[in-house]
Amino acid sequence: MKAKKQKRQGDFQKVQLKVGKKKPKADNATNVNFRSKAIHLPEQLKHVDSGPTKHRQLDIMDLLSKLHHINSNIKQGALVGLRELLSAQPSMIELHASAVLSEVAALFTDKDGSVRAAAVRLLRFITQCIPAERVVPFFPLLSAHLTCAMTHISEAIQEDALRVLDVLLEHYPGLLSQRHTVLLTNFLELISQKRKAATGQDKSGKGGFALTISTNRSVTAQQWRLTVLLRLGSFLQAVVEERPLDEGVTSSIGLGMWAGEKGSVTSVDVSWEEHVFGKGRIQVFENSGAVPTPHSAYRLRPDSKAGAGMNKELCSAETVQGFAGTLVPLLLEIWVEAAGGDHVQTDSGHLLSAEAMALMFQILTILQLLRRVSPHRDQKDILDAWFRNSYLADFKHHFMKNFPYGLLEVARHKKKADGKRIRQQVAAGTVAGGNVEPLALNVTLCQVMVTLSLRGQDHVEAEDADWLGTIRVFIRETLSNGGKLSSKHLAALLEVVWRMIVTQRSRVVTDDLLQAVYVQYQQRNLAVSVRSLLLCFFSQFYIQEHQNHPHIARSRILARWLASLPVQLVQLGSRNPQLSAQLLETIHPAAARGNKDLLQSLQKNACSIYDPQEGCVVVLPVESQKRLVQILHSLPAFPAELLACLSQVCNTGRVSASLATMLIRTIHLRSPLCGWSSSSQDVPVKDVDYLSFFFTTLTGFSSEMLQALQDTDEDSLLPSSILSPLSVFATTLEQFLHHWDIVEEVCHCLDTLGSRAQCFDVIQNAIIKNLCGLVVVPDCVCAAILRCVPRLLDVNFLPSDTLLHFLSDCCLSMLNLLLQLEQSAHKRDAVWEACFAALSTVPRLLRLVLQSFRVCDLCEEELPVLAQILSLLLQHTQLRNHMMANASLLQHIIQDLTHFYGGETREQWLTDLLYCYSVTLFGHRANMGMRDIY
Amino acid sequence: MSAPVEVVLSADSAGQLFNCAVFDPHSGSEFLSYRGGNTSSRSLTVLNGEYILGAQLGKNFINVWEIQRKDQLQQKIVCPGIVTCLCASPDGLYVLAGIAEAIYLWEMSTGNLLAILSRHYQDVSCIRFTDDSSHFVSGGKDNLALIWNLSSVVQLDSSRTPEPCHILSRHSLPITDIHCGLMGPQARVATASLDQTVKVWEVSSGEMLLSVLFDVGIMSVTFDPCEYFLFCGGSDGNIFQVSLCSTSLSRDKTFQTDSDGNQVFKGHRNLVTCLSVSMDGTLLLSGSNDETVRMWDVQSKQCIWSINHKGHVTNAVIIPAPANMFLADSHPAVPLPRFSRHLNPSEQGDGTGSGGMCLRLGASTQHFGLKTTDFKPLKCNRQQKRTHFACF
């Protein structure tokens, strides 16, 4: 009872608190023994995990709104801020492109220069980030503001507008060139103003505009004009380059003028093997079928495609004429002023200051571009004629008077005095056009002037003679004075040469100019680009213009150049395959067209080109090799030594087997024996040479090589024995297979010759004469002979005994070799195929082979080999009948074999042989029996 | 027996049995044969359904037979050189002959030599007209094929030499055969070459549409009338069939082996020099240097019959049977004029020889002729036809 009470008290014990003692802690007391530390968050947490969305606490909308601020410093600051913000976070550009572009564009016409500069900087940054196709929707706005700035009354704004233009030209030339209608007038207005109809000073009567001079510009009028013309030039360049491609496109570099046919249809190229195995599906009609190509001369209705749209206006000659009619008088006027200023200083008119030279270069570039703007050839001709009629006299007077221009050496002191001006020039950005070489200027002038010379009109030739003569002299001297020209200048010069030769139609001029080009061509150590440019010029010139113009066709220089090509090809060897390929690109068509000079030279150098050791045909890459083989089609004659070379080329393995077969086919087709070429007057390949070529190719070894083989004792030589009467020289697998392919083609060609009996007779004689005496024979030769003879053998023709004995030796040796070949199934198959074909088509051969199995002479080790050969022959069903014809002989051999084999146990080979023998024999008998029953 | 719709016309280089002969396309039995001389390759042509013209092999004249008088050689046209190829326009108004490097164009109504076109550098190997006679294509051993507009060639404008409208220069070895498809100036043209390719071009633009590379040189080429298939005769005796439209539209065919369409006709042992397809596209005729002409069934690729000739087959073609061929007592509507051997513009102008007028497009109309395009040739032909009637 007491215990119970105590327990109950234990549960709810009262704690007695006493003075002087510490109060015990309650169980649920909070432990306050910790220290806290503050965490500072300098920025808000972001949802987007890259870059700040604010610049100095201003987000993009704030910045944009600040652009409307009245204070220009704030505007400038906002522009700078925008740039930094956008560069920190490029993804925002796309997001806000419309707002940013429209606000920035509005600042093109800001009063303050620093704001405009900042705006241009921002624009440059934005254009780098947005591709042209995304700007398209905003571009009308941009160009409207640009136009506004260009036509602004304040000259400083006009100047800065050109910078905006630079930026846009750099990044969106295509878009800008579509706005040509507005921009071209703007350009005009930058340097000139509309003449008032009332004023009587309309002395030129041509342009409705007059040059303006404003005195309060930071640069001189000339420099200002130069900067404008520079922009105009690059704008026209953009127009020329960006217009939709059409026929007769000439690129600015001039090489495009000679570029070959450029199809707008991409043709389908397939090879037969791919096609057969279903890899290449041909879709001709899907490719081009339903609608005729835009090049088609046949149109049922005019094109109404939207793509041509805007640019169409500038394509027509009339539009260009209208614009040129205003621009050209202005250009002339500018030049007159600039030159007039120079004349005051110097009395020699042909020396120009650097500034004047830059100006003139720009004027000429613009003239050149104006002509190129119209893409159609016939319109170009119209435009040329128009230019000639309107401006020839002016051009002659202003440009050609002092024609070969030189640079005026500026005196030292003068430069110092003008230091300030030069610095200003730098500021105005004219340095780009500032340093023009006199050569570039002169060449461009030639290009412009030469386009004015019309083709094919005799009455104008006399009046053109004076200035064309000057140009001719200049070109001749530039080309032939031994100096090295850069490829750009050379291309321009060659363009001029081409045009002059075509338009002037005189042999003297042609030879004169071509001689100069040829001198340049003959220089040593030309850069590869220059060399190939010259080569390209000559070859295109020959190929394109040769036929139309008799004066070109008769040119001696061209003939000499053509004749030198094969020599160059030989000399070049394998040093520069690209250049060789380029040479071949000319040689091939020229040879195909039967150019006498080239063919003579080719014939002379044929043996070195087709040399089997170091001729071009083996050292060049595959494509060139193919061309060289194709050139053989047009070679006038094949002398014996060339055929010897070609035969070795086929067999040395340095050209692929497919190319070698192509070569063999070519020779075959060129021979009158083939019966393809109908014209029988000339005989390119004599019959004797033809047959000896084919025999040499068939054997694959020249007689010297075979002779050399007789004396060597190498490891690869299999010794002769009774079972292998010839000592076999084993060739490598690669060589064997290569030769095998060639033999196939040779057999096919010989097979299709007219009289088989005669052909076989010739081959038989050749074999007897050249091969029968040999002791050591390469295996590929054996296989080739065994393959060739049964294919060519006529049923009515009896082969001679000598041949048959040689064949049986070959056959035996090959069968012997067959048993030793383990490594290559391919070679085994080939050898067996050859032996089998020979044995089955020539029954006497089989008999001879069987007769040569003289068992009594064999040693013990050879018996299994013989047995294996026999069982091989017996196993083959198609040989079975022939074997049965020799049954008695076979029985005799087998009896001897069992007799001479002294072993106690029956070996496997003997069992196999006897089994085969019995199956063959009794199978045959059974067949006979069956036949008897029915 | 009713007269056949189509006949096979073939010739060989030996000419022992006949110069050329007409066979039944279904049985291969011989209907007629024309005797005298032999014919060189690609130079047998039927003019207006009334005459057969064939150039003598290696000689400088053309043999002419009236189509119903098979035994008798009607005329020999002497030419300035050996004729390498010959072609009569389908409307029967012009004859073209390739003589060495030049192409000669005669007008059939007067026999005048209208033009000598020497734009090839080597022998011309083949000439073909488009089916509306508005254009012709010539191929040569200089690896070039040229497309000419007939109306611009016949223009009477001595100041400028006629230019081909397109130069096809993408072959790298001599051109062996040309075939023009249907559809006049919108046709496609196939050229075969020794460079082991067959190329298909568009006549109107001169653009290459297709190039097929083979293992062997191709000696002959033809389309079927629908241009479903391209048949190419190889120099190894095989005929390759290239299907030009992929038929893989149906889903079921996707996993089948691609054995339909692309196959080889095997049987010839030497160069296949001529190919021709019947107008329903089921029969293919081939002639070869192994001295046989074979008829194949296109669908099954089986040889239906073959005829042995005595020499290389030079021409073999399936043509619609001319009406006069089997009527022994018929006569040509127009007698064959004497062919002049020289270009003689003054005589052409007033046509004194035949006593009629000869109308030709003058120089002034040329610009117009070049610009309006499709319909011009038609107009021109009508004009020529009027001339033709005016003469006789």
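The values are calculated or read from the model by the stated rules, or taken from the named source; none is laboratory data. Remember, predicted model here, so these are calculated numbers, not experimental data. Positions of Cβ are generated from backbone atoms using ideal geometry, with glycine treated the same way; all protein chains shown enter the neighbour counts.
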* **Residue tally, condition of a type in the set (A, V, I, L, M), assigned to a loop (DSSP other than H, G, I, E, B) and more than 7 Å from chain A (Cβ to nearest Cβ), over the stretch B:195-248** => 2
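Go through the stretch A:520-552 and give me each residue that's assigned to a helix (DSSP H, G or I), surrounded by 15 or more Cβ atoms within 10 Å (Cβ to Cβ) and aliphatic (A, V, I, L, M). Spell out how you get there, then give the answer.
Within the stretch A:520-552, the first condition is being assigned to a helix (DSSP H, G or I), and the residues that meet it are A:520-522, A:528-545, A:550-552.
Still in the list and also surrounded by 15 or more Cβ atoms within 10 Å (Cβ to Cβ): A:520-521, A:530-545, A:551-552.
Once the filter is applied, which keeps residues that are assigned to a helix (DSSP H, G or I), surrounded by 15 or more Cβ atoms within 10 Å (Cβ to Cβ) and aliphatic (A, V, I, L, M), the stretch A:520-552 yields A:V530, A:L533, A:L534, A:L535, A:I543, A:I552.
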* **Options A:A78, A:A149, A:A118, A:A97: the member that is among the hydrophobic types (A, V, I, L, M, F, W, C), under 23 Å from A:N186 (Cβ atoms) and part of a helix (DSSP H, G or I)** => A:A149
* Structure fact -> Within the stretch A:786-803, of all residues that are touching a helix residue (DSSP H, G or I) at 6+ places or on another chain (Cβ under 6 Å) and assigned to a helix (DSSP H, G or I), the one surrounded by the most Cβ atoms within 10 Å (Cβ to Cβ) is A:C788
* Asked: Of all the residues that make up the stretch B:169-187, how many are at the interface with chain A (Cβ under 9 Å from one of its Cβ atoms) and either of a type in the set (A, V, I, L, M) or in contact with a helix residue (DSSP H, G or I) (Cβ under 8 Å, 6 or more places away or on another chain) (or both)?
  -> 5
* Asked: Would you call B:P322 at pLDDT below 90, in contact with a strand residue (DSSP E or B) (Cβ under 7 Å, 6 or more places away or on another chain) and crowded, with 20+ Cβ neighbours inside 10 Å?
  -> yes
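Please go through the stretch A:745-762 and pick out each residue that is more than 11 Å from every other protein chain (Cβ to nearest Cβ) and part of a helix (DSSP H, G or I).
Our first condition is that a residue be more than 11 Å from every other protein chain (Cβ to nearest Cβ); within the stretch A:745-762, this holds for A:746-747, A:750, A:755-762.
Residues satisfying the conditions are A:V746, A:C747, A:L750, A:R756, A:A757, A:Q758, A:C759, A:F760, A:D761, A:V762.
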* Asked: Is it the case that B:Q196 is of a type outside the set (V, I, T), modelled with pLDDT under 85 and out of contact with any Ser or Thr (no Cβ under 6 Å at 6 or more places or on another chain)?
  -> no
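Can you find a residue that is in a strand (DSSP E or B), at the interface with another protein chain (Cβ under 10 Å from one of its Cβ atoms) and either under 21 Å from A:Q544 (Cβ atoms) or in contact with a helix residue (DSSP H, G or I) (Cβ under 6 Å, 6 or more places away or on another chain) (or both) anywhere in the stretch B:147-166?
Restricting attention to the stretch B:147-166, the residues satisfying the condition of being in a strand (DSSP E or B) are B:147-149, B:156, B:166.
Imposing the further condition that a residue be at the interface with another protein chain (Cβ under 10 Å from one of its Cβ atoms) reduces the set to B:149, B:166.
In the following step, the residues that additionally are either under 21 Å from A:Q544 (Cβ atoms) or in contact with a helix residue (DSSP H, G or I) (Cβ under 6 Å, 6 or more places away or on another chain) (or both) were identified as B:149, B:166.
So far as the stretch B:147-166 goes, yes, one or more of its residues are in a strand (DSSP E or B), at the interface with another protein chain (Cβ under 10 Å from one of its Cβ atoms) and either under 21 Å from A:Q544 (Cβ atoms) or in contact with a helix residue (DSSP H, G or I) (Cβ under 6 Å, 6 or more places away or on another chain) (or both).
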* Filter result (in contact with a strand residue (DSSP E or B) (Cβ under 8 Å, 6 or more places away or on another chain) and buried (at least 20 other Cβ atoms within 10 Å of the Cβ)) within the stretch A:63-77 -> A:L63
* Asked: Between a first residue in the stretch B:262-273 that is under 15 Å from A:G754 (Cα atoms) and a second residue that is crowded, with 19+ Cβ neighbours inside 10 Å and small (G, A, S), which pairs have beta carbons less than 6 Å apart while being 6 or more apart in sequence or on different chains?
  -> B:H268/B:G237; B:H268/B:S288; B:R269/B:G237; B:N270/B:G237; B:N270/B:S288; B:L271/B:S235
* To do: Name the single residue, out of those in the stretch B:69-79 being at pLDDT 85 or above and buried (at least 16 other Cβ atoms within 10 Å of the Cβ), that is farthest from B:G37 (Cα to Cα).
  => B:C79
* To do: Determine, yes or no, whether B:T191 is surrounded by fewer than 23 Cβ atoms within 10 Å (Cβ to Cβ) and either within 10 Å of another protein chain (Cβ to nearest Cβ) or modelled with pLDDT of 85 or more (or both).
  => no
* Asked: Checking A:S658 against (1) assigned to a loop (DSSP other than H, G, I, E, B); (2) within 32 Å of the chain's Cα centre (by Cα), which single condition isn't satisfied?
  -> (1)
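Would you confirm whether or not the stretch A:862-872 contains a residue that is under 60 Å from the mean Cα position of the chain (by Cα) and of a type in the set (S, T, N, Q)? Reasoning before the result, please.
Of the stretch A:862-872, the ones under 60 Å from the mean Cα position of the chain (by Cα) are A:865, A:868-872.
From what's left, of a type in the set (S, T, N, Q): A:868, A:871.
Looking through the stretch A:862-872, at least one residue is under 60 Å from the mean Cα position of the chain (by Cα) and of a type in the set (S, T, N, Q).
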* Can you tell me which of B:A55, B:A102, B:A88 is over 23 Å from A:P672 (Cβ atoms) and within 14 Å of another protein chain (Cβ to nearest Cβ)? -> B:A102
* To do: Report, by residue number, each residue of the stretch B:111-131 that is more than 12 Å from chain A (Cβ to nearest Cβ), in a loop (DSSP other than H, G, I, E, B) and more than 11 Å from the chain's Cα centre (by Cα).
  => B:G111, B:N112
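Pick from the stretch A:763-785 the residues that are outside any helix (DSSP H, G or I) and of a type outside the set (V, I, T): which of them is farthest from the other protein chains (Cβ to nearest Cβ)?
First pass over the stretch A:763-785, keeping only residues outside any helix (DSSP H, G or I): A:771-778.
Applying the additional criterion that residues be of a type outside the set (V, I, T) yields A:771-774, A:778.
Working: A:L771: 28, A:C772: 30, A:G773: 35, A:L774: 33, A:P778: 28 Å.
Only one residue tops the list, namely A:G773.
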* Filter result for the condition that a residue is in contact (Cβ under 8 Å) with a residue 12 or more places away in the chain and within 12 Å of chain B (Cβ to nearest Cβ), over A:L673, A:L642 -> A:L673
